[in-house]
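Asker: First the structure, which I've put down as structure tokens, then a few questions once you've had a look.
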Ligand code: EPZ
């Protein structure tokens with residue numbers, strides 16, 4: 001059975017909600033527990049599908065994962081870790097990309113890993129070449145198998161001098177989770193430094209890892225033979241916070257996001273203000289609201305941290321369809337992240353996508369036939385329509401477009417949104433949205 005959302009647009013979203021642990025940290029911290037010689041405790045864990053997928057994969061590998069009913073906190077005990085059957089792993093991996101991060105911890109823990117072909121949002125090719133390259137440099141043997149890859153390290157994993165061609169978040173996590181228990185020291189140049197990366201380093205440091213982050217994107221790790229467990233409260237989800245901020249702007253509403261953390265959202269907050277949004281920062285969250293008047297167009301380029309995050313652009317593009325004038329968004333992190341604009345155009349938005357790098361400089365996708373720049377002219381009246389959610393962040397942007405549109409929209413495929421937005425229908429209800437959920 002799948003759920004269908006019938007949304008009656010035009011109602012400003014107003015009220016309070018809470019964002020909890022970041023979808024792009026919590027599953028990685030769960031995998032890190034495999035590296036410990038004793039149980040770990042993870043707090044501020046959201047009820048999202050990505051956490052369920054990793055919970056099942058860890059249990060498959062003999063890790064005892066217990067959830068505290070009241071708080072949702074997790075106790076992860078890796079002491080009985082074991083190999084799992086490739087068929088079971090494949091069946092449980094779902095459309096998550098996290099399985100690739102099991103490599104290092106499983107090789108340290110049980111000597112081998114099988115990683116099924118990965119899923120994840122269709123926002124580009126999503127290769128894993130950086131991951132496999134660094135694993136081989138640690139001494140791992142990578143074998144292509146049917147429906148996945150088998151990885152082992154007959155001679156153990158040894159520290160290496162590594163450099164990433166692009167500051168990949170996943171590849172940086174791959175190095176961190178492998179190097180901490182490798183023999184000897186590892187140097188990683190060109191590392192990602194997103195807040196979720198720093199939070200994962202905090203988790204590993206609590207386990208006894210020795211990790212230094214330098215000013216030039218170089219991370220140094222001194223391998224240790226044993227790591228303890230950790231107790232950690234995951235950092236809040238800055239992507240979800242920014243998504244609701246854009247929802248407030250698009251629906252001319254007023255949303256208090258408990259848990260939103262200013263220091264993780266500085267670039268977003270500057271952009272939000274330039275578009276015409278307003279925010280009040282307090283100790284335990286941020287109030288985002290439309291102060292009235294017109295929204296302003298802008299020229300935006302996504303980038304790695306501390307630039308404007310690629311996952312922030314989809315919901316903000318919906319706000320730009322309401323700005324008075326022409327905006328330009330140059331997406332430099334993923335090559336195919338404007339597919340979601342098709343549905344917005346069907347709703348009445350005026351958006352053209354282009355192959356050129358419409359930004360301050362050439363990015364990796366220039367002259368390679370990728371439609372990775374968008375020109376948005378506003379304001380455009382959005383009208384309700386039939387929508388099938390394409391991916392997580394594009395899906396959320398469709399939802400807020402439907403909430404702002406005149407008329408009714410029928411939204412299918414909303415289960416994808418459960419991957420990264422905890423209890424989002426309850427949150428919509430709390431914000432006064434006018435919608436029904438039916439099962440098909
Ligand atoms: C993480 O994906 C996040 N996902 C993404 O969030 C986020 O958009 C992305 O980082 C960038 O911040 C999770 O953490 C689960 P990358 P990841 O490796 O690690 C290329 C969301 O909606 N690349 O930094 O997969 C890649 O193709 C998701 O929450 C290679 O070429 O991202 C892309 O162009 C979407 N080879 C660029 O690097 C590789 O081996 C950035 O990818 C790996 C990556």
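Asker: Express in whole angstrom the spacing between the alpha-carbon centres of the stretch 154-192 and the stretch 24-98.
Answerer: Value for the Cα centre distance between the two parts: 22 Å.
Asker: Bin width 20 Å, origin at 0, all Cα-Cα pairs of the chain: what percent of pairs per bin?
Answerer: Going from the shortest bin to the longest, the percentages are 26, 56, 18, 0.
Asker: Sticking with this structure for a sec: Nearest 10 degrees is fine. How inclined is helix 195-207 to the longest principal axis of the chain, computing both from alpha carbons?
Answerer: So the inclination is approximately 30 degrees.
Asker: To continue, here is another question. Fewest first, what order do 243, 109 take by the number of other Cβ atoms within 10 Å?
Answerer: In increasing order of surrounding Cβ atoms, one gets 109, 243.
Asker: By per-residue mean of other Cβ atoms within 10 Å, what is the highest-first order of 375-387, 177-189?
Answerer: With the highest mean Cβ count within 10 Å placed first, the list reads 177-189, 375-387.
Asker: Determine the relative contact order of the chain: mean sequence separation of Cα pairs under 8 Å and six or more apart, normalised by residue count, in whole percent.
Answerer: Over the chain, the number comes to 21 percent.
Asker: Show log10 I(q)/I(0) for the stretch 384-437 at q = 0.13, 0.23, 0.31 Å⁻¹, two decimals, from a solvent-free Debye sum over equal Cα scatterers.
Answerer: Treating every Cα as an identical point scatterer, log10 I(q)/I(0) equals -0.27, -0.90, -1.49.
Asker: Follow-up question, since we're still on this one. Just to confirm my numbers, what's the Cα centroid distance between the stretch 119-140 and the stretch 198-256 in Å?
Answerer: Centre-to-centre distance over Cα atoms comes out at 21 Å.
Asker: The stretch 180-337: percent of C-alpha pairs farther apart than 26 Å?
Answerer: 39
Asker: Okay, next question. With both partners inside the stretch 26-233, how many of the DSSP beta bridges are antiparallel, as a percent to the nearest 5?
Answerer: 75
Asker: Another one. If packing is taken as the average number of other Cβ atoms within 10 Å across a peptide's residues, how do 158-168, 8-18 rank, most packed first?
Answerer: Taking the mean over residues of other Cβ atoms within 10 Å, the ranking is 8-18, 158-168.
Asker: Quick one: helix 310-320 against the long Cα principal axis of the chain, what's the angle to the nearest 10°, folded into 0 to 90?
Answerer: That helix lies at roughly 0 degrees to the long axis.
Asker: Next question. Taking the stretch 79-129 as the region of interest, what is the percent of Cα-Cα pairs per 5 angstrom bin, listed from the shortest bin to the one with the maximum distance?
Answerer: Result, from short to long distances: 4, 20, 27, 24, 15, 7, 3, 1 percent.
Asker: Using the Kirkwood formula on the Cα atoms of the stretch 8-133, what hydrodynamic radius do you get, in angstrom to one decimal?
Answerer: Computed over Cα pairs of the stretch 8-133, the Kirkwood hydrodynamic radius comes out at 15.8 Å.
Asker: Between Rg and the Kirkwood Rh of the stretch 26-233, both from Cα atoms, what is the Rg to Rh ratio?
Answerer: Result for the stretch 26-233 is an Rg/Rh of 0.93.
Asker: Starting with the highest mean, order 423-430, 53-60 by the number of other Cβ atoms within 10 Å, averaged over the residues of each peptide.
Answerer: 53-60, 423-430
Asker: For the chain, take the longest principal axis of its alpha carbons; what is the angle in degrees between that and the long axis of helix 266-275, to the nearest 10 within 0 to 90?
Answerer: In the chain, helix 266-275 runs at an angle near 10 degrees to the longest axis.
Asker: To continue, here is another question. Tell me, 409, 37, 225 in order of fewest to most beta-carbon neighbours within 10 Å?
Answerer: Fewest-to-most ranking of 409, 37, 225: 225, 37, 409.
Asker: Tell me the mean residue ellipticity at 222 nm calculated for the chain from its helices only (DSSP H runs of n ≥ 4, each -39500 (n - 2.57), averaged over every residue, nearest 500).
Answerer: -8500 deg cm²/dmol
Asker: Oh, and also: As a footprinting exposure proxy, order 207, 265 by other Cβ within 10 Å, with the fewest listed first.
Answerer: Ranking 207, 265 by Cβ neighbours within 10 Å, fewest first, gives 207, 265.
Asker: At q = 0.14, 0.19, 0.21, 0.22 Å⁻¹, work out log10 I(q)/I(0) for the stretch 290-435 with the Debye formula, treating every Cα as an identical point scatterer and leaving solvent out; two decimals please.
Answerer: -0.67, -1.19, -1.37, -1.44
None of the figures in this text is laboratory data; all of them are computed from the coordinates on show. Everything quoted here is computed from the prediction, not taken from an experiment. Counting neighbours? That spans all protein chains shown, and the Cβs are built from the backbone with ideal geometry, glycine included.
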